[in-house]
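The values are calculated or read from the model by the stated rules, or taken from the named source; none is laboratory data. Since the model is a prediction, treat every value here as computed from it, not as a measurement. Note that each Cβ is placed from the backbone with ideal geometry, even for glycine, and that neighbours are counted across all protein chains shown. Each accessible area value is taken on the protein alone, full model and side chains, heavy atoms only, with ligands, DNA and RNA left out. Shrake-Rupley method; radii C 1.70, N 1.55, O 1.52, S 1.80 Å.
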Amino acid sequence: MTEPGQDPLFVAHEALPGYAEAVSSWLADDTDTAAIPVWTGARGDLLDGIALARPVYAGRRAPEPAGTGVVVGTSLPEEVRRLAAPLARTWVTKVSDLPDTGSVLVLGSYADLRADAVQDVVDQTYAQGRDLFLLTGRDAHTVSWVVAKQYANAAPHGETGMISELDTLPAAPGTVWFGAEDVRHKDIQGIALDRVWRRVLFHGNGKDDQLNLGRFTLCGLSPVGERDPGLPGPKCAYGLGCTKPEEKLIPARRIKAAELVLANCFSGPLTDYAMYDPKYVILLDALDGPAQTVVATLTACDGARPENLAWLTESSTGRNAARAINDRMKDINPYPSFVQIGLQSGGVVEQPAPVADDTAGFPLHTVGARLSGLLDSGLLREDYPLRPRLRQLSDSMLRYASRIVALSPPDGPPALAAIAEETKSLDLALAHRIAKHHDDAVLQFPTYFGERSTAEEPVDLDWLCNCGRPLRSYTRRGRLPVIADTVQGLCARCGDVVNSPVDGTELRVTAPEEVEAGTTLHVSITVAPHRTGTVNTGIVLPMYLNARALPALSRKEVRAGESARCDFAIEIAAEAAPQAYYFTPYAVHDLGVSTRRVHFTVSPPAPAGSGRSPGSPTA
């Protein structure tokens, strides 16, 4: 029914000739006032859908057409195809004629959406990052209704909502939110059916015929037709009632939404992949209702909060909703999980852009592996002073590693920022310990990890040892996951003078080869980190050398691909025994300790007036 004085947005036609005439008139109308024709036939349920759509839409729109359209099957009359013609810029006659670029619109009844007809299109558009839109329904009448709805503009007063049985995190911004706790205690049936939605997403476990929402169930049972006795159905198909209380069912077709997302497994399978008779498929029931766009799943998937937020924010900028969700899911489901029936809905409202994540480059896996090496390899004693902080950081990283946290703004970026800040703080704490305790257990990593690793073939380095001789380097792979992979550089004269984790900070050292007792050895250390950040640098002296290094520690902010110079002075006591020594520059960054060993000799103090001086610096 239409309010007095209000022109109807949709007009139903039971007979095909009347519908054909209405399509011709509507396509010729340039006033944007003519009612959009729908060929309902004798389908009273579609009349109910048109009535339910009245508060959902307000006027006509000219939707952005797809690049190329194609019709599959022969079950649609010419009149339906004519009404759909403006929804694609060009049309081809066969799927094989679709171009390799641009968005694609596939039009056809559900019976014609078989895998052999459209699976290649689904896979190719997914792989190529192209938008795919389907226009389908349980029969030609529903398809005519779905096509008609594409020309309707969503009413501005509708809400954007998420209703999830599975999400226990705080409410997402920019949406009417009902999480797992709400689903347990609130009247989700009333919330779903009594409100008008511009966009709404339902998230829960389920399959072809249902989406579970605690005590409630989003149901796909249609009043149309009889079940094919040759096809299986759910429990209710055999007169055994529903698996949930029937008074708490939520018919998908009765949800007053312009855009409806069915975020459960198998909510929209291709026809020959469906488990049940089409009478029970929840996607088809939703298409019989007001929604002009329904986003559903083709198969099993692990969609969770990251995907729900991608739908909320990324598709609000004009992106295909299914593509936005699929792109977010590639890290866990690298295949097309969601598909969009309908063009971009008129219910899309631009959402605030997510807060920029300036920690996106944090090497979670690398730092996590180094952390495991420190905590769980046996390198550090149980009473090592920094162990409690290291364990707490490990627990934080494990929580963050869940994609539900990591990929969910606004929760993810602050969590990662806290991890990055604590890693930076622990870098400094480790560096201070090494500066104060030259026998700190962390410095034993080359031997400890090396004994539990396997060396790969050595390669020649393009830089020399401090003695001027060639260096060869080899990677040592841990035999167990908790044994960190390390790199060792060998000089035939000086031994293993380079030790670091894989992708650790590179150290270059310049210092004289000889120094007199009672004088100062000036050392220049150049640090080049693998990743931008704060590098903590110091020098460890052997216990038997009577000397001290100043400053105790140097901290430099260095960008990846660049280097920074740190100057140190080793003050040699006059009582130092003349002999060969070495010093060990070290750098700590991202919980990785890199070391060099540089050999030098201390000579007796020169006799007064002899004019003898230490040797020249070498690189």
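Values as computed for the structure displayed
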| item | result |
| --- | --- |
| Options A28, A34, A62, A84; residue that is modelled with pLDDT of 95 or more and of a type in the set (G, A, S) | A84 |
| Some residue of segment 152-160 being of a type in the set (D, E, K, R), farther than 19 Å from L16 by Cβ and open to solvent by 50 Å² or more (accessible area, probe 1.4 Å) | yes |
| Pick from segment 402-430, criterion among the charged types (D, E, K, R) and over 30 Å from L550 (Cα atoms), ranking: modelled with the highest pLDDT | R403 |
| Filter result (in contact with a Ser or Thr (Cβ under 8 Å, 6 or more places away or on another chain) and among the acidic types (D, E)) within segment 429-459 | E456 |
| Filter result for the condition that a residue is surrounded by 22 or more Cβ atoms within 10 Å (Cβ to Cβ) and out of contact with any helix residue (DSSP H, G or I) (no Cβ under 9 Å at 6 or more places or on another chain), over A88, A53 | A88 |
| Pairs, first over 18 Å from A257 (Cβ atoms) and open to solvent by less than 40 Å² (accessible area, probe 1.4 Å) in segment 167-178, second modelled with pLDDT of 85 or more and among the small types (G, A, S), C-beta under 7 Å, six or more apart | D167/G179; D167/A180 |
| Matching entry among E557, E575 (being touching a Ser or Thr at 6+ places or on another chain (Cβ under 9 Å) and free of Cβ contacts under 8 Å to residues at least 60 places away in the same chain) | E557 |
| Among the candidates A608, A573, residue that is of a type in the set (A, V, I, L, M, F, W, C), out of contact with any Pro (no Cβ under 6 Å at 6 or more places or on another chain), more than 25 Å from A484 (Cα to Cα) and modelled with pLDDT under 95 | A608 |
| Whichever residue in segment 540-570 is over 21 Å from G518 (Cβ atoms) and open to solvent by less than 60 Å² (accessible area, probe 1.4 Å) and, among such residues, is modelled with the lowest pLDDT | A560 |
| Residues that are open to solvent by less than 20 Å² (accessible area, probe 1.4 Å) and either among the polar types (S, T, N, Q) or touching a Gly at 6+ places or on another chain (Cβ under 6 Å) (or both), drawn from segment 214-244 | T217, S222 |
| Filtered residue count, segment 254-284, keeping only those that are assigned to a helix (DSSP H, G or I) and over 17 Å from K235 (Cα atoms) | 6 |
| Qualifying position, being modelled with pLDDT under 95 and surrounded by fewer than 19 Cβ atoms within 10 Å (Cβ to Cβ), among R433, R399, R381, R389 | R399 |
| Single condition F449 does not satisfy, out of (1) in contact (Cβ under 8 Å) with a residue 60 or more places away in the chain; (2) out of contact with any strand residue (DSSP E or B) (no Cβ under 6 Å at 6 or more places or on another chain); (3) surrounded by 15 or more Cβ atoms within 10 Å (Cβ to Cβ) | (2) |
| Failed condition for P409, given (1) closer than 25 Å to T486 by Cβ; (2) touching a residue at least 40 places away in the same chain (Cβ under 8 Å) | (1) |
| Residue check for S109: polar (S, T, N, Q) and farther than 21 Å from A274 by Cα | no |
| Selection count, segment 56-84, where residues are open to solvent by 20 Å² or more (accessible area, probe 1.4 Å) and among the β-branched types (V, I, T) | 2 |
| Condition check for L134: out of contact with any Asp or Glu (no Cβ under 9 Å at 6 or more places or on another chain), among the aliphatic types (A, V, I, L, M), open to solvent by less than 20 Å² (accessible area, probe 1.4 Å) and closer than 21 Å to A286 by Cα | yes |
| Count of residues meeting criterion [under 46 Å from the mean Cα position of the chain (by Cα), surrounded by 19 or more Cβ atoms within 10 Å (Cβ to Cβ) and β-branched (V, I, T)] in segment 512-534 | 3 |
| Test result for T475, part of a helix (DSSP H, G or I) and free of Cβ contacts under 8 Å to residues at least 40 places away in the same chain | no |
| Pairs, first of a type in the set (D, E) in segment 374-391, second open to solvent by less than 80 Å² (accessible area, probe 1.4 Å), C-beta under 9 Å, six or more apart | D376/S394; D376/V482 |
| C465 being without any contact (Cβ under 8 Å) to a residue 60 or more places away in the chain, among the hydrophobic types (A, V, I, L, M, F, W, C) and either closer than 20 Å to Y586 by Cα or exposed (fewer than 15 other Cβ atoms within 10 Å of the Cβ) (or both) | yes |
| Selection count, segment 91-106, where residues are open to solvent by 60 Å² or more (accessible area, probe 1.4 Å) and within 14 Å of L135 (Cβ to Cβ) | 1 |
| Tally of residues being in contact with a Cys (Cβ under 9 Å, 6 or more places away or on another chain) and open to solvent by less than 30 Å² (accessible area, probe 1.4 Å) across segment 468-501 | 6 |
| Number of positions in segment 31-64 that are more than 21 Å from L343 (Cβ to Cβ) and free of Cβ contacts under 8 Å to residues at least 24 places away in the same chain | 2 |
| Segment 285-326 - residue that is charged (D, E, K, R) and assigned to a loop (DSSP other than H, G, I, E, B) and, of those, modelled with the lowest pLDDT | R319 |
| Index of the failed condition, H185 passing every other in (1) open to solvent by 60 Å² or more (accessible area, probe 1.4 Å); (2) touching a Gly at 6+ places or on another chain (Cβ under 8 Å) | (2) |
| Criterion (modelled with pLDDT of 95 or more, surrounded by fewer than 18 Cβ atoms within 10 Å (Cβ to Cβ) and of a type in the set (S, T, N, Q)) met by exactly one of T537, T601, T584 | T601 |
| Residue list for segment 20-50, filter: loosely packed, with under 14 Cβ neighbours inside 10 Å and outside any helix (DSSP H, G or I) | D29, D30, T31, D32, T33, A42 |
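Each row is one residue, and each column tells you yes or no for (1) open to solvent by 30 Å² or more (accessible area, probe 1.4 Å); (2) under 17 Å from H203 (Cα atoms); (3) in contact (Cβ under 8 Å) with a residue 40 or more places away in the chain; (4) not basic (K, R).
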position	(1), (2), (3), (4)
E246	yes, no, no, yes
M275	yes, no, yes, yes
R305	no, yes, yes, no
I332	yes, no, yes, yes
